[in-house]
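Read the structure below first, then the notes.
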């Protein structure tokens, strides 16, 4: 039996945090979340907003749902997506404030490339 050390637990927690932020590190997923800040939408609405195929948008939505960023509601044959809770909204709002404060430095950063999204 292996006993996890504090260092292993810290590493595991950071790996999980990395996965959390990778879910947010996609332009299409951020477009989806940003649009859901205005209220719930169905896949067709989001396909139009994101500009990707229905299959791609559905995959992004599945990721966001699995990670706890969005919830769903069924109405007949339509499924509507919405921000899961206030903490997701707060996270997006705080990130926008931080981005606004550091936009010039973020744009100048050569270590992180967002162009391959």
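The values are calculated or read from the model by the stated rules, or taken from the named source; none is laboratory data. Since this is a predicted model, take the numbers as computed values, not measurements. We place every Cβ from the backbone using ideal geometry, glycine too, and count neighbours over all the protein chains shown.
Taking the range 79-108 as the region of interest, how many residues are within 14 Å of residue 39 (Cβ to Cβ) and in a strand (DSSP E or B)? Of the residues in the range 79-108, 4 are within 14 Å of residue 39 (Cβ to Cβ) and in a strand (DSSP E or B). The set of residues in the range 52-71 being in a helix (DSSP H, G or I), within 12 Å of residue 83 (Cα to Cα) and in contact with a helix residue (DSSP H, G or I) (Cβ under 9 Å, 6 or more places away or on another chain) consists of 61, 64. The single condition from (1) under 24 Å from residue 16 (Cβ atoms); (2) touching a residue at least 40 places away in the same chain (Cβ under 8 Å) that residue 80 fails is (1). Scan the range 33-51 for residues that are surrounded by 15 or more Cβ atoms within 10 Å (Cβ to Cβ) and either over 18 Å from residue 86 (Cβ atoms) or more than 14 Å from the chain's Cα centre (by Cα) (or both) and the total you get is 9.
For the residues 92, 64, the requirement of being in contact with a strand residue (DSSP E or B) (Cβ under 6 Å, 6 or more places away or on another chain), surrounded by 14 or more Cβ atoms within 10 Å (Cβ to Cβ) and touching a residue at least 40 places away in the same chain (Cβ under 8 Å) singles out 64.
Evaluated against (1) at positive phi; (2) at pLDDT below 95, residue 113 falls short on exactly one condition, (1). Does the range 19-27 contain any residue that is outside any helix (DSSP H, G or I) and either at pLDDT 95 or above or under 19 Å from residue 91 (Cα atoms) (or both)? Within the range 19-27, one or more residues are outside any helix (DSSP H, G or I) and either at pLDDT 95 or above or under 19 Å from residue 91 (Cα atoms) (or both).
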